[in-house]
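Engineer: Can you keep this structure in mind? I'll have questions shortly.
The values are calculated or read from the model by the stated rules, or taken from the named source; none is laboratory data. These figures come from a predicted structure and were not determined experimentally. Note that each Cβ is placed from the backbone with ideal geometry, even for glycine, and that neighbours are counted across all protein chains shown.
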Amino acid sequence: MTKFTLLAGLGFLLTLQIVNSAKLACYITNWSQYRPGNGKFTPDNVDPFLCTHVIYSLATINSVNEITNTEWNDDIMFKSLNALKTINPTLKTMLSVGGLTNGISPFIQMVSTPENRKAFVRSAMLYLRAHGFDGLELDWEYPGQNGSPPDDKQRFTELIKDLRKAIEQEAYDTKNPPLILSAKVASVKSTIERGYEIPEISKLMDFITVLSYDYHGHWDPVTGHNSPLFKSNLDSGNALELNVNASVTHWLKGGAIPARLFIVLPTWGRTFTLSSSETGLGAPASGPADAGPYTRDAGYWSYYEICSMVSNANVEWIDDQKVPYIVKGKAWVGYENFESYTAKVEWLNSLGLGGVSVYSIDLDDFSGRFCSQGSYPLVNHLRNSLGFGPKPTSPPRPTTTANPSTSFCVGKPDGLYPNPADETTYFHCFRENTYLQHCQPGLVFVDDCKCCDWP
């Protein structure tokens, strides 16, 4: 039986309600709306029961250090995404903020002074609440490099401290559930060491997502896998660090809290053009293969572009790294399939990691039109591997639970309490404020363990 334990405290409120490996955060991108035909994806394509969190990518930071849209119709898509919470009240939505402005990360200017950080933090609180989001992801790639000075390592920590303080105060003042705070972070050892004060930020974040992909790609002179779990027998020198296990090991040795550390499972693969008769791992290559017909960007193919080729191509398994690759003519692509997802889940469970982020669900076969495996085949397989129960086959009945009394938590210590009126919900007391929280569908709150469990 899988049990879903609930945590609070540690100096701030943790809003992630499931703290085993069954946390599943799924990205959607606001540029996927421009793909042609059956590749077009909008929030209307999101299955509200697929993931525990949906992260909308991407907003940015303007010249006055405030969050701003990047697409003309972001406001419309925000509304469409957040409306899914009327179908699944346990779904959490987050906004990813970052990207580049004139080729430079806007975080560099924003963190440069306390006043700039204050403006950003204030705008973040207002912007997220105005659009109905439950949290914020910081997508800075990366502090301490790409034009970012060395002192930005410490400034990034100060930004996170400012955000955590503001989140706690905003929750106290408004009696809203506290906003979730996360960040995308680097996977390569040298970049990690330049960019992050790991123990400090780990204590302040709800979760941290290691960008566990792009270890190899068409920029390399030989073929290599996009997201290998372990090193290969061909690796030496710095290449020994270019795998998921090495990245996570460095974060954990640096002081990261395992239960707050996520890895990314990509739904796409990196492509190469072979330049000799060799076709294996480490074969000579000369740039990317041709762009896919839907993603239309040389260097990668989506899972739904790859799966349609599998029956007419050579599919190989790299046993050292627990990942597959495919060869079709002169095209070589290292990608993810059911077996590699299962291997990564078994590995992250062995380390007690907090969960998985999928980048991105618009590159899975979301419609089920391409792979003959149903809709979202990769992510649904991932759900099963993580131990999720069956999804509802129809929208749940509207809740009839009355709003809890605002005085329920007055005089009570911080913690979790059963709701006598509805066993599928519970009260979260924080600084004598009352928050009504929901268990995952099919679960009930059990006071003995302060957790949601099967009835």
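Engineer: Which one is surrounded by the most Cβ atoms within 10 Å (Cβ to Cβ) among residues in segment 391-444 that are among the small types (Gly, Ala, Ser), in a loop (DSSP other than H, G, I, E, B) and modelled with pLDDT of 70 or more?
Structural biologist: Looking at the filtered set, the residue picked out is GLY442.
Engineer: State which residue pairs qualify: first residue touching a residue at least 24 places away in the same chain (Cβ under 8 Å) and buried (at least 17 other Cβ atoms within 10 Å of the Cβ) and inside segment 240-254, second residue in a helix (DSSP H, G or I) and not small (Gly, Ala, Ser) in any location, beta carbons under 6 Å apart, and separation of 6 or more residues or different chains.
Structural biologist: Filtered contacts from segment 240-254: GLU241/LYS189; HIS250/LYS189; HIS250/ILE192.
Engineer: Which pairs turn up if I take residues in segment 147-170 that are closer than 13 Å to PHE120 by Cβ and look for partners that are among the charged types (D, E, K, R) and buried (at least 19 other Cβ atoms within 10 Å of the Cβ) with beta carbon separation below 7 Å, at least 6 apart in sequence or on another chain?
Structural biologist: Hits for this filter: GLU158/ARG117; LEU159/ARG117; ASP162/ARG117.
Engineer: If you take just the helices (runs of 4 or more DSSP H) that sit entirely in segment 137-229, which of them hold at least 2 residues that are more than 16 Å from VAL248 (Cβ to Cβ) and of a type in the set (S, T, N, Q)?
Structural biologist: Of the helices (runs of 4 or more DSSP H) lying wholly inside segment 137-229, those with at least 2 residues that are more than 16 Å from VAL248 (Cβ to Cβ) and of a type in the set (S, T, N, Q) span 152-174.
Engineer: Against the definition (surrounded by fewer than 17 Cβ atoms within 10 Å (Cβ to Cβ), among the acidic types (Asp, Glu), at negative phi and within 21 Å of the chain's Cα centre (by Cα)), how does GLU197 come out, yes or no?
Structural biologist: For GLU197, the condition - surrounded by fewer than 17 Cβ atoms within 10 Å (Cβ to Cβ), among the acidic types (Asp, Glu), at negative phi and within 21 Å of the chain's Cα centre (by Cα) - is met.
Engineer: Kindly indicate the residue of segment 312-332 that is in a loop (DSSP other than H, G, I, E, B) and touching a strand residue (DSSP E or B) at 6+ places or on another chain (Cβ under 6 Å) and also nearest to ASP235 (Cα to Cα) among those meeting that condition.
Structural biologist: LYS330
Quick grid of which residues meet (1) among the small types (Gly, Ala, Ser); (2) in contact with a Phe, Trp or Tyr (Cβ under 9 Å, 6 or more places away or on another chain); (3) surrounded by fewer than 18 Cβ atoms within 10 Å (Cβ to Cβ); (4) under 28 Å from ALA283 (Cα atoms):
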{"site": "SER148", "(1), (2), (3), (4)": "yes, yes, no, no"}
{"site": "GLN169", "(1), (2), (3), (4)": "no, no, yes, no"}
{"site": "ALA183", "(1), (2), (3), (4)": "yes, yes, no, no"}
{"site": "ILE201", "(1), (2), (3), (4)": "no, yes, no, no"}
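Engineer: Continuing with this model, one more query. So, in segment 334-345, exactly how many residues are in contact (Cβ under 8 Å) with a residue 24 or more places away in the chain and in a helix (DSSP H, G or I)?
Structural biologist: Summing the residues that are in contact (Cβ under 8 Å) with a residue 24 or more places away in the chain and in a helix (DSSP H, G or I) in segment 334-345 gives 7.
Engineer: Taking TYR341 and the conditions (1) under 22 Å from PHE41 (Cβ atoms); (2) modelled with pLDDT under 95; (3) of a type in the set (Phe, Trp, Tyr), which numbered condition does it fall short on, given that it satisfies the others?
Structural biologist: The failed condition is (2).
Engineer: Evaluate the following for ASP173: is it surrounded by 23 or more Cβ atoms within 10 Å (Cβ to Cβ), more than 24 Å from MET77 (Cβ to Cβ) and charged (D, E, K, R)?
Structural biologist: So ASP173 does not fit the description; no.
Engineer: Among the residues of segment 118-136, is there at least one that is of a type in the set (Asp, Glu), under 23 Å from the mean Cα position of the chain (by Cα) and within 14 Å of ALA59 (Cβ to Cβ)?
Structural biologist: no
To keep it simple, each residue is scored yes or no on (1) touching a Cys at 6+ places or on another chain (Cβ under 6 Å); (2) at pLDDT below 95; (3) farther than 30 Å from HIS216 by Cα; (4) surrounded by fewer than 15 Cβ atoms within 10 Å (Cβ to Cβ).
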{"site": "MET110", "(1), (2), (3), (4)": "no, no, yes, no"}
{"site": "ASN116", "(1), (2), (3), (4)": "no, no, yes, no"}
{"site": "GLY132", "(1), (2), (3), (4)": "no, no, yes, yes"}
{"site": "GLU141", "(1), (2), (3), (4)": "no, no, no, no"}
{"site": "ALA166", "(1), (2), (3), (4)": "no, no, yes, no"}
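Engineer: To continue, here is another question. Based on this model, can you work out whether LEU95 counts as part of a helix (DSSP H, G or I), within 18 Å of TRP31 (Cβ to Cβ) and free of Cβ contacts under 8 Å to residues at least 60 places away in the same chain?
Structural biologist: no
Engineer: In segment 297-311, which residue that is closer than 20 Å to GLY368 by Cβ and either of a type in the set (D, E, K, R) or part of a helix (DSSP H, G or I) (or both) is nearest to the chain's Cα centre (by Cα)?
Structural biologist: If we take residues in segment 297-311 being closer than 20 Å to GLY368 by Cβ and either of a type in the set (D, E, K, R) or part of a helix (DSSP H, G or I) (or both), then TYR303 is nearest to the chain's Cα centre (by Cα).
Engineer: Can you say whether ALA246 is under 21 Å from LYS231 (Cα atoms) and either in contact with a Cys (Cβ under 7 Å, 6 or more places away or on another chain) or modelled with pLDDT of 95 or more (or both), as far as the supplied structure shows?
Structural biologist: When the stated conditions are applied, ALA246 passes them.
Engineer: Right, here's the next one. Just to verify a result, which residue in segment 321-338, among those that are of a type in the set (D, E, K, R) and surrounded by fewer than 17 Cβ atoms within 10 Å (Cβ to Cβ), is farthest from the chain's Cα centre (by Cα)?
Structural biologist: LYS330
Engineer: Need the failing condition index for PHE107 against (1) part of a helix (DSSP H, G or I); (2) over 23 Å from PHE262 (Cα atoms); (3) not small (Gly, Ala, Ser), just the number.
Structural biologist: (2)
Engineer: Does THR279 fit the bill of being in a strand (DSSP E or B), over 23 Å from ALA246 (Cβ atoms), modelled with pLDDT of 95 or more and among the β-branched types (Val, Ile, Thr)?
Structural biologist: When the stated conditions are applied, THR279 does not pass them.
Engineer: Any idea which of SER367, SER360, SER350 is closer than 15 Å to PHE262 by Cα, surrounded by fewer than 24 Cβ atoms within 10 Å (Cβ to Cβ) and touching a residue at least 40 places away in the same chain (Cβ under 8 Å)?
Structural biologist: None of the others qualify; the one that does is SER360.
Engineer: Ok, one more. Residues VAL310, VAL323, VAL315, VAL327: which one is among the aliphatic types (A, V, I, L, M), under 24 Å from LEU242 (Cβ atoms), out of contact with any Asp or Glu (no Cβ under 6 Å at 6 or more places or on another chain) and at pLDDT below 95?
Structural biologist: VAL315
Engineer: State whether one or more residues within segment 203-221 are surrounded by fewer than 18 Cβ atoms within 10 Å (Cβ to Cβ), in contact (Cβ under 8 Å) with a residue 40 or more places away in the chain and under 16 Å from LEU138 (Cβ atoms).
Structural biologist: Yes, segment 203-221 contains at least one residue that is surrounded by fewer than 18 Cβ atoms within 10 Å (Cβ to Cβ), in contact (Cβ under 8 Å) with a residue 40 or more places away in the chain and under 16 Å from LEU138 (Cβ atoms).
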